[in-house]
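Structure first, then comments.
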Amino acid sequence: MFNKMTIASAIALSSMVAIPATAADEYNLSSGLTAAGAPLALHGVDTVAFVQTGNRIAGAAKFTAVHDGAAYYFSTQENLDAFTAAPASFLPQNGGFCTFGVAVGKKFDGDPRWADVRDGKLYVFLSEAIFNAYQKDPAGTIAKAEANWKKIRTTAATEL
């Protein structure tokens with residue numbers, strides 16, 4: 001049973017976990033919070049393992065790094081350390097939103113089940129059908145996404 005003191009403490013604690021406004025707009029995040037106090041990015045997949053080996057390996061909460069208001073899970077301490085040392089080398093492109101969606105000016109969920117690593121960069125997609133469409137012109141899609149990302153990066157997905 002919760003008493004008024006417990007509820008007040010929970011409210012106070014939750015207000016101390018501030019999520020930067022940019023994280024909500026610039027990163028594809030889960031709606032809940034991780035134990036680290038930030039929403040989960042990349043569906044909990046270890047981004048270092050993905051970029052380095054192309055394997056979709058689930059991360060674990062005990063290996064968490066928070067970067068720019070987003071929590072990333074890793075499968076090993078070594079991968080966590082690699083990310084912490086050079087996060088830009090492992091972050092999914094376009095904030096983890098669907099690269100094909102960003103190419104057409106939208107922010108759709110990027111699901112790591114459908115992803116591609118090109119030139120050491122991780123690109124994720126909404127679905128298998130969208131991933132297949134991307135594969136017809138990967139370079140063109142990536143170029144359009146890069147151009148659009150500069151325009152829509154800080155715009156909320158609901159406003160596009």
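Descriptive notes on the structure:
- Of the residues making up segment 55-81, those that are part of a helix (DSSP H, G or I) and open to solvent by 30 Å² or more (accessible area, probe 1.4 Å) are Gln77, Glu78, Asp81.
- Residue check, Thr154 in a helix (DSSP H, G or I) and under 16 Å from the mean Cα position of the chain (by Cα): no
- Sole exception among (1) touching an Asp or Glu at 6+ places or on another chain (Cβ under 9 Å); (2) modelled with pLDDT of 95 or more; (3) on the phi > 0 side of the Ramachandran plot for Asp68, by number: (2)
- Considered as a group, the residues in segment 124-151 that are among the charged types (D, E, K, R) and within 18 Å of the chain's Cα centre (by Cα) include one that is farthest from Leu42 (Cα to Cα), and that residue is Lys150.
- Counting the residues of segment 52-67 that are out of contact with any helix residue (DSSP H, G or I) (no Cβ under 6 Å at 6 or more places or on another chain) and closer than 16 Å to Gly95 by Cβ gives 1.
- The set of residues from segment 137-153 being open to solvent by less than 90 Å² (accessible area, probe 1.4 Å), in contact with a helix residue (DSSP H, G or I) (Cβ under 6 Å, 6 or more places away or on another chain) and either over 10 Å from Val102 (Cβ atoms) or not hydrophobic (A, V, I, L, M, F, W, C) (or both) comprises Thr141, Asn148.
- Test: residue in segment 108-123 that is assigned to a helix (DSSP H, G or I), more than 15 Å from the chain's Cα centre (by Cα) and not acidic (Asp, Glu): no
- Annotation note: of Ala156, Ala82, Ala86, Ala103, the sole residue that is over 18 Å from Val45 (Cα atoms), among the hydrophobic types (A, V, I, L, M, F, W, C) and modelled with pLDDT of 95 or more is Ala103.
- Answer residue from segment 84-107, given it is touching a Ser or Thr at 6+ places or on another chain (Cβ under 7 Å) and part of a helix (DSSP H, G or I) and is least open to solvent (accessible area, probe 1.4 Å) among those: Thr99
- Pair list, Cβ under 8 Å, 6 or more apart: segment 112-132 residue within 15 Å of Glu146 (Cβ to Cβ) and open to solvent by 70 Å² or more (accessible area, probe 1.4 Å), other residue at pLDDT 95 or above and in a strand (DSSP E or B): none
The values are calculated or read from the model by the stated rules, or taken from the named source; none is laboratory data. These figures come from a predicted structure and were not determined experimentally. Note: ideal-geometry Cβ built from the backbone for every residue, glycine included; neighbour counts use all protein chains shown. Note: areas computed on protein heavy atoms with side chains; ligands, DNA, RNA excluded. Shrake-Rupley method; radii C 1.70, N 1.55, O 1.52, S 1.80 Å.
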